[in-house]
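The structure appears below as structure tokens.
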Ligand SMILES: Cc1cc2nc3c(=O)[nH]c(=O)nc-3n(C[C@H](O)[C@H](O)[C@H](O)COP(=O)(O)OP(=O)(O)OC[C@H]3O[C@@H](n4cnc5c(N)ncnc54)[C@H](O)[C@@H]3O)c2cc1C
């Protein structure tokens with residue numbers, strides 16, 4: 001690596017984490033964000049032990065714990081009668097099995113903490129109002145161009161620009177996101193507006209026919225965050241900003257348990273978006289460019305791994321860069337080699353979770369739910385099933 005900066009496109013979770021780990025370890029970096037102000041909406045986000053392994057080792061453990069909620073339990077329920085199929089300890093077991101907690105928080109809280117850390121280090125590193133347009137590369141460097149006519153030279157360019165990545169379109173002009181046939185509703189409800197019974201619920205997943213509904217408290221129990229997904233033939237925008245109609249949401253969940261209906265009735269701002277996928281891409285890299293996070297491997301939210309895999313990527317990319325600092329092209333290849341299989345597996349597992357939460361066939365539902373009921377009385381099966389995901393420590397895993 002020469003002494004030119006790493007140019008990072010996008011101030012989402014992957015871009016900010018990559019920037020922080022680089023500058024903390026003495027590597028120059030500049031981060032470009034297209035928005036004028038980084039004040040994105042975004043509701044709740046799950047940070048599982050593998051994500052917290054990154055955040056804590058980045059030195060922001062206390063700040064994260066000061067804002068995040070630590071759900072004591074997770075429960076799975078049937079959508080109509082509210083029968084509890086499984087109720088398990090989440091955090092005691094998570095810390096015992098994986099050394100890190102399972103947290104739930106608002107996306108913008110993580111973003112704000114990461115920005116604060118970077119700005120404390122040097123307030124000129126993050127450049128807002130810079131929308132990436134294109135780059136050219138040669139054996140020595142990369143030249144990156146923005147919509148405001150500015151250009152910057154760097155050692156490599158990293159596309160952390162999310163599901164609609166422009167960097168990806170340059171590396172792989174033919175790749176296109178495809179609507180997955182599933183739409184998602186999300187919203188926040190002021191806890192004070194809910195009944196005591198609903199307020200007391202920890203992380204809860206209601207499983208229905210072709211749809212599910214998840215909710216959990218965030219902001220130290222001040223708000224309840226929900227996300228509901230269901231099958232739809234109708235194509236929806238994949239923008240996180242698209243406002244949804246309450247009547248439509250009510251109608252989608254009209255046969256559900258009163259708790260779900262109570263949550264919907266008390267929501268003020270509702271967002272609706274289409275879930276898009278981009279099957280395993282043939283490559284994430286060119287000579288001096290790479291995509292990470294949602295740009296490289298968008299996934300269904302049913303395993304809550306979008307942000308966590310983005311955090312893992314940022315550390316594995318940083319480690320590849322420093323390990324092969326004299327050969328950036330090789331560093332990018334190593335990064336890809338170390339991350340592709342795992343993220344493909346997690347993409348598949350997320351899709352499978354959606355299927356499990358959306359079981360349509362009543363006989364299959366009865367068999368699977370009974371199995372889950374029995375298992376959950378024997379062991380913390382949700383954590384054990386997810387062990388291969390949660391035990392991953394991006395700072396420690398051996399580079400292949
Ligand atoms: C506004 C928003 C709200 C979200 N809300 C939730 C939520 O409530 N729950 C949840 O589980 N997940 C949410 N996510 C997704 C979640 O953050 C990601 O799945 C995960 O964190 C992976 O992050 P990422 O860094 O790869 O990309 P993202 O977090 O999507 O970040 C991409 C960043 O790149 C910027 N960008 C895009 N194009 C350009 C360009 N051409 N030039 C410069 N910058 C560019 C975007 O403005 C954004 O800041 C949200 C994402 C966004 C963008």
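Coordinate-derived values only; no laboratory data. All values reported here derive from a predicted model rather than from experimental measurement. Heads up, the Cβs are rebuilt from the backbone with ideal geometry, glycines too, and the neighbour counts pull from every protein chain shown.
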Legend entry - Cut-off 17 Å, label 7 Å out along Cα→Cβ of residue 326, residues of segment 131-147 by amide N: 140
Legend entry - Candidates 238, 327, 210, ranked by Gaussian network fluctuation over the chain, Cα under 10 Å, top entry: 327
Legend entry - Gyration tensor verdict on segment 131-278 (Cα atoms; rounded if a/c is under 1.5, prolate if a/b is larger than b/c, oblate otherwise): prolate
Legend entry - Projected area, mean over directions - the chain, Cα convex hull, nm²: 18.8
Legend entry - On Cα atoms only, tilt of 306-323 relative to the major axis of the chain in degrees: 30
Inset, instruction - Identify which of 104, 57, 347 has the largest mean-square fluctuation in a Gaussian network model of the chain, with springs joining Cα atoms closer than 10 Å. - result: 57
Inset, instruction - With an 8 Å cut-off on Cα pairs and a minimum separation of 6 or more residues, tell me the relative contact order of the chain in percent. - result: 23
Legend entry - Alpha carbon centroid spacing (whole Å) that separates segment 294-318 from segment 1-60: 12
Legend entry - Average projected area [Cα convex hull, segment 9-114], square nanometres: 8.5
Legend entry - nm² value of the averaged projected area, convex hull over the Cα atoms of segment 38-189: 13.6
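Can you work out the FRET efficiency for the pair residue 83 and residue 400, with r the C-beta to C-beta distance and R0 = 41 Å, to the nearest 0.05?
After rounding, the FRET efficiency stands at 0.35.
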Inset, instruction - Counting residues in segment 318-400 as N, plug N into 2.2 N^0.38 Å and put the Cα Rg over that result. - result: 1.59
Legend entry - Per-residue [θ]222 nm for the chain (sum of -39500 (n - 2.57) over DSSP H runs n ≥ 4, rounded to 500): -11000 deg cm²/dmol
Inset, instruction - Quick one: angle between helix 13-24 and the longest Cα principal axis of the chain, in degrees between 0 and 90, rounded to 10, please. - result: 50
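Efficiency by 1/(1 + (r/R0)^6): what FRET value for residue 119 and residue 341, r their Cβ-Cβ distance, R0 = 45 Å, to the nearest 0.05?
Working from the Cβ atoms, E equals 0.80.
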Inset, instruction - Calculate the spin-label point distance for residue 209 paired with residue 239, positioning each point 7 Å from the Cα along the beta-carbon direction, and give it in nanometres. - result: 3.4
Legend entry - Principal axis dimensions, segment 246-400 - Cα atoms, whole angstrom, descending: 61, 40, 25
Inset, instruction - Could you check the simple spin-label distance between residue 254 and residue 70, using points 7 Å along Cα→Cβ, in nm with one decimal? - result: 4.4
Legend entry - Computed log₁₀ I(q)/I(0) - Debye formula, equal Cα scatterers, no solvent, segment 214-326, q 0.11, 0.24 Å⁻¹: -0.53, -1.47
